[in-house]
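The values are calculated or read from the model by the stated rules, or taken from the named source; none is laboratory data. This one's a predicted model, so the numbers in the text were calculated from it and none came from an experiment. Quick reminder, even Gly has a Cβ in these numbers, built from the backbone with ideal geometry, and neighbours come from all protein chains shown. Surface accessibility is based on the protein's heavy atoms, side chains included, excluding ligands, DNA and RNA. Shrake-Rupley method; radii C 1.70, N 1.55, O 1.52, S 1.80 Å.
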Amino acid sequence: MGHLDHATFGWLTPVLSYAMASIGAALGLRCTVRALGTSGRSRRNWLFTAASAIGTGIWTMHFVAMLGFGVTGTDIRYHVPLTLLSLLVAMLVVGAGVFTVGYSRDRSRALLVGGLTTGLGVASMHYLGMAALRLHGTVAYDPLLVTVSVVIAVVAATAALWAALNIKSPGAVALASLVMGAAVSSMHYTGMLAVRVEVVPSGSALSGATVMQFIFPLAVGLGSYLFLTSAFVALSPPAREHPAGRTAGRTERPAPAPAP
């Protein structure tokens, strides 16, 4: 059995991956709070932004953490289509959960359905990403730890949606995002503890892309998206402060003529 190292760069990848998860959660929660205060197209756009931010943050967290993953006795490559599919799954399932909360009138049911859907989707993203691994050997999982990781994902997703519905102030959102970042990171590393690799030495070349050829540039690009979108949201005033919001629906009327 090959020796697995989950932090080949020391604390760098765990800390950076936690930061990505927290930033994505903070941005997503903030956008969801904005969405719940609007309606129509504006609500839909804020929810799209929230889904893309949380989904991107979770995916980036996973693959930044995977930058530090190594197995003694074999190189590692990544199947590109499966890796991209895992990103798409992350955004779609988070979007399903966020839109369920954003438009449902029964918030209790929305939390249950949205939390379960999003949590299972996050777990699916994780294990799709793991299925993209290409190495000399076979990969197996401890069923108990896999189950624990899925439960953590569902609880974390439900907590995130609850926070979006109940937390309004920026300080509370920041605190909630740190907790969510820790929950997502815990789900990832619990899932990684479930991994068992039986190395089979081989001289054949592995298919797929190396982590520096594909994962690193994509993670940097998505991380930049999170930072830029965070800056946009931070600088965008709430609807009640926006100049257009103050003048919407009002027309200028001429002053009445003086009485003769």
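The value given for segment 8-91 is a Kirkwood hydrodynamic radius of 14.2 Å, derived from the mean inverse Cα-Cα separation. Entry note, the chain: relative contact order of 27 percent, from Cα contacts under 8 Å with a spacing of 6+ residues.
Over all distinct Cα pairs, what is the inverse of the mean 1/r for segment 135-214, reported as the Kirkwood hydrodynamic radius in Å?
Working: mean 1/r = 0.0649 Å⁻¹.
Across segment 135-214, the inverse of the average 1/r is 15.4 Å.
Backbone phi angles across segment 75-85, fed through the Karplus curve with coefficients 6.51, -1.76 and 1.60 (θ = phi - 60°), yield HN-Hα couplings of 7, 10, 10, 10, 6, 5, x, 5, 5, 5, 4 Hz in residue order; Gly and Pro are listed as x.
Just check segment 100-177 against the gyration tensor rule for me: Cα atoms, a ≥ b ≥ c as the square roots of the eigenvalues, rounded for a/c under 1.5, and otherwise prolate or oblate depending on whether a/b exceeds b/c.
Verdict is prolate for segment 100-177.
Taking θ as phi - 60° and the Karplus parameters 6.51, -1.76 and 1.60, the scalar couplings of segment 147-156 work out to 4, 4, 5, 5, 4, 4, 4, 5, 5, 5 Hz in sequence order, x denoting glycine and proline. Computed about the Cα centre, the dipole magnitude for segment 1-113 is approximately 760 debye when only Lys and Arg (+1) and Asp and Glu (-1) carry charge, each at its Cβ. Is the shape of segment 1-148 best called rounded, prolate or oblate, per the rule: a/c under 1.5 gives rounded, else a/b larger than b/c gives prolate, else oblate, with a ≥ b ≥ c the square roots of the Cα gyration tensor eigenvalues? Here segment 1-148 falls in the prolate category. Of 29, 16, the residue with the largest accessible area leads and the full order is 16, 29 (1.4 Å probe).
Given a 1.4 angstrom probe, I'd like the percentage of the accessible area of the chain that is carbon and sulfur, rounded to a whole number. The partial results should precede the final answer.
Details: 8920 of 13110 Å².
Solvent-exposed carbon and sulfur of the chain make up 68 percent of the total.
Once the 1.4 Å probe is applied to the protein heavy atoms, the chain comes out at 50 Å² accessible per residue. Could you give me D for the chain, from Stokes-Einstein at 37 °C and 0.692 mPa s, where the hydrodynamic radius is the Kirkwood radius over C-alpha pairs? Units µm² s⁻¹, please. D = 168 µm²/s. The order of 134, 34 by accessible area, most exposed first and with a 1.4 Å probe, is 134, 34.
When only the Cβ of Lys, Arg, Asp and Glu is charged (+1, +1, -1, -1), the dipole of the chain relative to its Cα centre reaches about 1200 debye. Out of 67, 145, 226, whose Cα points farthest toward the positive end of the dipole of the chain (charges: +1 Lys, Arg; -1 Asp, Glu; placed on Cβ)? Of the candidates, 226 comes out farthest on the positive side. Which of the listed residues, 131, 46, 24, is farthest toward the dipole's positive end in the chain, when Lys, Arg count +1 and Asp, Glu count -1 at the beta-carbon? Sorting the options by dipole projection puts first 46. Quick check on segment 57-141: take the gyration tensor over C-alpha atoms, sort the square-rooted eigenvalues as a ≥ b ≥ c, and tell me if it's rounded (a/c under 1.5), prolate or oblate. Prolate, because a/c is 1.5 or more and a/b exceeds b/c. Within the assembled protein chains, the solvent-accessible surface assigned to residue 162 is about 130 Å², based on a 1.4 Å probe.
Which value in deg cm²/dmol, rounded to the nearest 500, describes the helix-derived mean residue ellipticity at 222 nm for the chain, given -39,500 (n - 2.57) per DSSP H run of n ≥ 4 and division by the residue count? List each step's numbers first, then the result.
Values: 8 runs with 174 residues, N = 260.
Computed mean residue ellipticity for the chain: -23500 deg cm²/dmol.
Exposure check, 1.4 Å probe, all protein chains in place: residue 107 carries approximately 120 Å² of accessible surface.
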